[in-house]
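Colleague: Right, I'll just put the structure down here and ask away after.
Please treat every number below as a calculation from the coordinates, not as lab data. Everything numeric in this text was worked out from a predicted model, so none of it was measured. Using ideal geometry, Cβ is built from the backbone for each residue, glycine included, and neighbour counts are taken over all protein chains shown.
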Amino acid sequence: MKPMFSAGTAWCCTIISVFAILILSVIGLLFRNRHESMMGSINDPTDGKAVAATIFASVVVYAVFLVFCAGQAWLHSRRGVRLQ
């Protein structure tokens, strides 16, 4: 099977996806637990669980990106293509 993207693009997308999953998971947990840093102001949302559900949906999207991009990077490694 031939990769659709270059090796550099595949690795960049993989790394960004990993960091996005970690950061968004922490933010989602803070909203779900109604942490004061996220819910303490009058301008912040009142329903932290709804906000957390939306954030966790974006985590799922980034997980799909991670699987796809890691697969592209794996295909490049099997073909012997190196980053340049």
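Colleague: In the chain, what cysteines have no partner Cβ closer than 4.7 Å?
Modeller: Those would be Cys12, since no other cysteine Cβ in the chain comes under 4.7 Å of theirs.
Colleague: What's the local net charge at Met1, with K and R +1, D and E -1, over the other residues with C-beta under 15 Å away?
Modeller: That sum, taken over residues with Cβ under 15 Å, equals +3.
Colleague: Tell me the label-point distance for the pair Val18, Ala50, using the 7 Å Cα-to-Cβ offset, in nm and rounded to one decimal.
Modeller: Result for the modelled spin labels: 3.6 nm.
Colleague: With axes computed from alpha carbons, what is the tilt in degrees of helix 7-32 against the longest principal axis of the chain, rounded to the nearest 10 within 0 to 90?
Modeller: 20
Colleague: May I ask you to derive the FRET efficiency for Ser37 and Ala63 from their Cβ-Cβ distance with R0 = 25 Å, giving the value to the nearest 0.05?
Modeller: 0.50
Colleague: What is the list of residues in segment 1-29 whose amide nitrogen lies under 12 Å from a point 7 angstrom out from the Cα of Ser77, following Cα to Cβ?
Modeller: Only 11 pass the distance filter.
Colleague: Rounding to the nearest 10 and keeping the result within 0 to 90°, find how far the Cα-based axis of helix 48-79 lies from the longest principal axis of the chain.
Modeller: 10
Colleague: Now for a different question. Once every DSSP H run of n ≥ 4 in the chain is given -39500 (n - 2.57) and the sum is divided by its residues, what mean residue ellipticity at 222 nm do you get, rounded to the nearest 500 deg cm²/dmol?
Modeller: -25500 deg cm²/dmol
Colleague: Still on this model: Hey, could you get me the Stokes-Einstein D for segment 9-70, Kirkwood radius over alpha-carbon pairs, 20 °C and 1.002 mPa s, rounded to whole µm² s⁻¹?
Modeller: 175
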